[in-house]
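First up is the structure itself, then whatever we jot down about it.
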Amino acid sequence: MDNIVKPKVTLVGAGPGDPDLLTIKGAKALAKANVVLYDALANEEILAYAPKKSIKIFVGKRKGCHEYSQDKINQLIVDNALTYGNVVRLKGGDPFIFGRGSEEIEYIQSFGIPTEVIPGISSSIAVPANQGISLTKRGVSESFWVITGTTSDHQLSKDVALAAKSTATVVILMGMSKLEQIVSLFQNESKGETPVAIIQNGTMSNEKVGFGTIDTISKVVQENNLSSPAIIVIGEVVKERNKLKGFYKEFISNKVCARE
C-alpha cells in the first residue's frame, strides 16, 4: 500500500529571472517534487531547489523552436503525475500572466488530479522595478496596462491600439517582433516623444537595456542589439527613472541607514 502513487500537480511561478526572486513557498514546493517540468523563461538555477533524484524535463518554447506543443505539455504533466506522483510545473514569471497556467490547470483537473497554484513575481512589474521604473507614480501615471504583444494567432493585440490612446503606462510582453507596429500605433496618437524602455533578460546577470522615445526606440534597439526575451515599457514614468536613480546614488554616497 505504501507504493501507491498519489498524483498532485503544483504550478509554481519562477519569477522574472533572478533565482533569488523565487518565492519561499515555491522553493518549498520544489523541494517535494518527484518531477519538474520547466519552461524556457524559468531560470535553470532554480532547479537546484528540487531533489537531485527528481526528474527534470525541459518543455520550453523558444522562437522558431516549439518541440513541445501545449497539448503535448498538458499530457506530459498528467502522465508524470499519474506515474510518479508529485509534479511541479515551473513557469517563468507568474503562471496566470500570459503563462497559459489556467489552461493547464483545467486539463489536469479533468483527470481528477489535485492541483495547487503558487503565484510568482510577474516580470511585467519586477523587471521595470529592477531598473528603477515605477509603473505608477502620483502626478505622472494613475494606472498601467500589461499586454501581450503577440496573440495566439501571432498578431499584435488590438489592446495596444487602445492603450496608445490612454495616459497609462503600457507594458508589453512578447512584443519585440511587433515593435514597428507598436511604434506606428503610438505615432498615430501623436506620441512620438513618449519615453520608452526596452529591457532584455530582465533581473538576470546578462540584462541589457535601451532607452529612447517612440520616435527613436527602433534605432536604439538596432544600436544596442536588443532582442527577445524583452519587455517594452512606454510612458512618462520611464523618464522619472532618472530622478529615482539619482536618489539611489545620493542615498549610497551619504551612507544613510534606517537602523541607525
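Overview of results
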| read-out | value |
| --- | --- |
| Scope the range 80-105; condition of a type outside the set (S, T, N, Q), surrounded by fewer than 19 Cβ atoms within 10 Å (Cβ to Cβ) and part of a helix (DSSP H, G or I); matching residues | Leu82, Tyr84, Glu103 |
| Near pairs, Cβ below 8 angstrom, 6+ apart or cross-chain, from the range 83-109 (over 16 Å from Thr23 (Cα atoms) and aromatic (Phe, Trp, Tyr)) to any residue that is open to solvent by 10 Å² or more (accessible area, probe 1.4 Å) and in a strand (DSSP E or B) | Tyr84/Ile55; Phe98/Thr148; Phe98/Leu173 |
| From the options Lys165, Lys178, residue that is within 21 Å of Leu226 (Cβ to Cβ), at pLDDT 95 or above and either touching a Pro at 6+ places or on another chain (Cβ under 9 Å) or assigned by the TED database to the domain that holds Ser218 (or both) | Lys178 |
| Candidate set: the range 126-143, residues that are of a type in the set (A, V, I, L, M) and surrounded by fewer than 18 Cβ atoms within 10 Å (Cβ to Cβ); chosen: the one farthest from Thr194 (Cα to Cα) | Ala129 |
| Test for Glu116: is it among the charged types (D, E, K, R) and over 30 Å from Val233 (Cβ atoms) | yes |
| Given (1) farther than 27 Å from Thr167 by Cβ; (2) at pLDDT below 95; (3) not hydrophobic (A, V, I, L, M, F, W, C), number of the condition Glu207 does not satisfy | (2) |
| Residues of the range 33-65 satisfying the condition of being open to solvent by 90 Å² or more (accessible area, probe 1.4 Å) and closer than 13 Å to Leu90 by Cα | Leu41, Glu44, Glu45, Tyr49 |
| Selection status of Ser228, open to solvent by 90 Å² or more (accessible area, probe 1.4 Å), within 21 Å of Gly17 (Cα to Cα) and modelled with pLDDT under 95 | no |
| Residues within the range 106-125 that are surrounded by 14 or more Cβ atoms within 10 Å (Cβ to Cβ) and not in a loop (DSSP other than H, G, I, E, B), tallied | 8 |
| Single condition Leu90 does not satisfy, out of (1) closer than 29 Å to Val9 by Cβ; (2) outside the structural domain of Asp18 (by the TED database); (3) aliphatic (A, V, I, L, M); (4) in contact with a helix residue (DSSP H, G or I) (Cβ under 9 Å, 6 or more places away or on another chain) | (2) |
| Candidates Lys6, Lys53, filtered to the one that is part of a loop (DSSP other than H, G, I, E, B), touching a residue at least 24 places away in the same chain (Cβ under 8 Å) and charged (D, E, K, R) | Lys6 |
| Filtered residues of the range 202-212 (kept if surrounded by fewer than 20 Cβ atoms within 10 Å (Cβ to Cβ) and not in a strand (DSSP E or B)) | Met204, Ser205, Asn206, Glu207 |
| Meets criteria (at pLDDT below 95, more than 15 Å from the chain's Cα centre (by Cα) and not β-branched (Val, Ile, Thr)) for Asn3 | yes |
| Filtered residues of the range 159-189 (kept if within 19 Å of Lys219 (Cα to Cα), open to solvent by 10 Å² or more (accessible area, probe 1.4 Å) and not hydrophobic (A, V, I, L, M, F, W, C)) | Ser177, Lys178, Glu180, Gln181, Ser184, Gln187, Asn188 |
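The values are calculated or read from the model by the stated rules, or taken from the named source; none is laboratory data. Quantities reported herein were computed from a predicted structural model and do not represent experimental measurements. Glycine also receives a Cβ, built like all others from the backbone with ideal geometry; neighbour counts cover every protein chain displayed. Please note that ligands, DNA and RNA were not included when accessible areas were found on the heavy atoms of the full protein model with its side chains. Shrake-Rupley method; radii C 1.70, N 1.55, O 1.52, S 1.80 Å.
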